[in-house]
Amino acid sequence: MQLFYNSDINENTTEFSFSKEESRHIVKVLRKNSGDSLHITNGNGWLFTAEVTIPDIKKCTVSIISKKLQEKREYSLHLAVAPTKMNDRYEWFLEKATEIGIETITPIICDHSERKIIKAERFEKILQSAAKQSLSCYLPKLNEAISFKDFLKQDFTGSLFIAHCEETDRKSLKQELKPKTDITVLIGPEGDFSVKEIETALQNNFIPVTLGETRLRTETAAIVACHSVAFVNE
């Protein structure tokens, strides 16, 4: 099954036309014709089965013939990850985390952050592509970049963790995780969180954790955390 994404479709939509770029892909590349079926999601859990009615290379139109709401996972994962110095590393994290399973991603700007600006539009495209590839009908939410200090001002629910490399008392994330619960994990930049940031997180009820015995890159640490949560909930 090949999955298409469009946020404009909802459960009341009966007919829909694709963009010029996707229309060309459907008609020229996939060679879809009148009567052929397509699968579409809006990223909010709905899976639509559609039938091609007008196979126009510039404006392919389909009719929605069925719909189904996919069940949500029994847990929610929010990863707050500092942008990496190289954008492609963060994009890799976004792609793999979407494939594994994640609900929310927040880029956090920390004391040791070398990159403080993100390419939100490109990141969204990475998320959409990964969701389609993994046949997920739930698109992760990408929040705007925010300072570490302001991020901690939010109201949190569930289990809260901060992964860092300081030689202090830390627990194993895998041992602390519990299934079927909301989880927030903070992952710092290449230079790690500052001592002050760690102290502030602990004051806000975040539990200090380690992700293993080796020192991990930011994007690798984020994927390890993401997979650990998914593994506990299998």
(message) Starting from the 7 Å offset along Cα-to-Cβ, what nm value, one decimal, do you get for the label separation of GLU22 and ILE117?
(response) 3.0 nm
(request) Quantify, in whole percent, the carbon and sulfur part of the accessible surface of the chain (1.4 Å probe; protein heavy atoms only). (result) 45 percent
(request) List the residues whose amide H sits under 5 Å from the amide H of GLU190, counting only those 5 or more places along or on another chain, with H placed 1.01 Å from N in the peptide plane. (result) LYS85, GLU114
(request) Only loop residues by DSSP count here, and only those with at most 16 other Cβ atoms within 10 Å; note down the trypsin sites (Lys or Arg not before Pro) in the range 1-86 that meet that. (result) ARG31, LYS58, LYS59, LYS72, ARG73, LYS85
(message) Compute the helix-to-body angle for 120-133: its Cα long axis versus the longest principal axis of the chain, expressed 0 to 90° and rounded to tens.
(response) 70 degrees
(message) Checking a compactness column here: for the range 137-203, what do you get for Rg(Cα) / (2.2 N^0.38 Å), N being the number of residues?
(response) 1.22
(request) Please name which of PRO55, SER19, GLY158 has its Cα lying farthest along the dipole of the chain towards the positive end, using unit charges on Cβ (Lys, Arg +1; Asp, Glu -1) and the Cα centre as origin. (result) PRO55
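Do the alpha carbons of any pairs in LYS153/LYS174; LYS67/LYS180; LYS132/LYS180; LYS96/LYS141; LYS72/LYS180; LYS125/LYS149 sit beyond 20 Å of each other, and which pairs?
LYS153/LYS174; LYS67/LYS180; LYS132/LYS180; LYS125/LYS149
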(message) Can you tell me what share of the DSSP beta bridges in the range 1-142 is antiparallel? A percent to the nearest 5 is fine.
(response) 65 percent
(message) Suppose only helical runs count, i.e. DSSP H with n ≥ 4. What mean residue ellipticity at 222 nm does that imply for the chain under -39500 (n - 2.57) per run, divided by all residues and rounded to the nearest 500 deg cm²/dmol?
(response) -8000 deg cm²/dmol
(message) How large is the Kirkwood hydrodynamic radius of the chain, counting all unique pairs of alpha carbons, in Å?
(response) 19.2 Å
(request) In nm, give the distance between the simple-model label positions of ASN204 and ASP155, each being 7 Å from the Cα along the Cα-to-Cβ direction. (result) 1.5 nm
(request) Would you mind classifying the range 1-92 by shape? Square roots of the alpha carbon gyration tensor eigenvalues, ordered a ≥ b ≥ c; an a/c under 1.5 is rounded, otherwise it is prolate if a/b is larger than b/c and oblate if not. (result) oblate
(request) Please give, to one decimal in nm, the separation of the simple spin-label points placed at ILE146 and LYS180, each 7 Å out from Cα toward the Cβ. (result) 2.9 nm
(request) Note down the net charge around ILE57, summing +1 for each Lys or Arg and -1 for each Asp or Glu among other residues with Cβ under 12 Å from its Cβ. (result) +4
(message) I need the trypsin sites (Lys or Arg not before Pro) found in the range 140-234, filtered to DSSP loop residues with at most 11 other beta carbons within 10 Å of theirs.
(response) LYS153, LYS180, ARG215
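Pick out, in residue order, every one of the GluC sites (Glu not before Pro) in the range 65-152 that is DSSP loop and has at most 15 other C-beta atoms within 10 Å; say none if there are none.
GLU71, GLU74, GLU114, GLU144
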(request) Take the Cβ-Cβ distance between ASP169 and GLU74 as r, set R0 to 35 Å, and report the resulting FRET efficiency rounded to the nearest 0.05. (result) 0.70
(request) Only residues of the range 106-129 count here: report those whose backbone N is under 18 Å from the spot 7 Å along Cα→Cβ of SER7, or say none. (result) 106-107, 118-129
(request) Using a Gaussian network model of the chain whose springs link C-alpha atoms within less than 10 Å, name the residue from THR84, THR200, THR157 with the highest mean-square fluctuation. (result) THR157
(request) Counting only C-alpha contacts under 8 Å and six or more residues apart, can you give the relative contact order of the chain as a whole percent? (result) 21 percent
(message) Using a probe radius of 1.4 Å on heavy atoms only, what accessible surface per residue do you get for the chain? Whole Å² is fine.
(response) 55 Å²
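The values are calculated or read from the model by the stated rules, or taken from the named source; none is laboratory data. Note that the structure is predicted; figures quoted are calculated from it, not measured. Ideal geometry is used to build each Cβ from the backbone, glycine not excepted, and the neighbour counts take in all protein chains shown. SASA here: full protein model, heavy atoms, side chains in, ligands and nucleic acids out. Shrake-Rupley method; radii C 1.70, N 1.55, O 1.52, S 1.80 Å.
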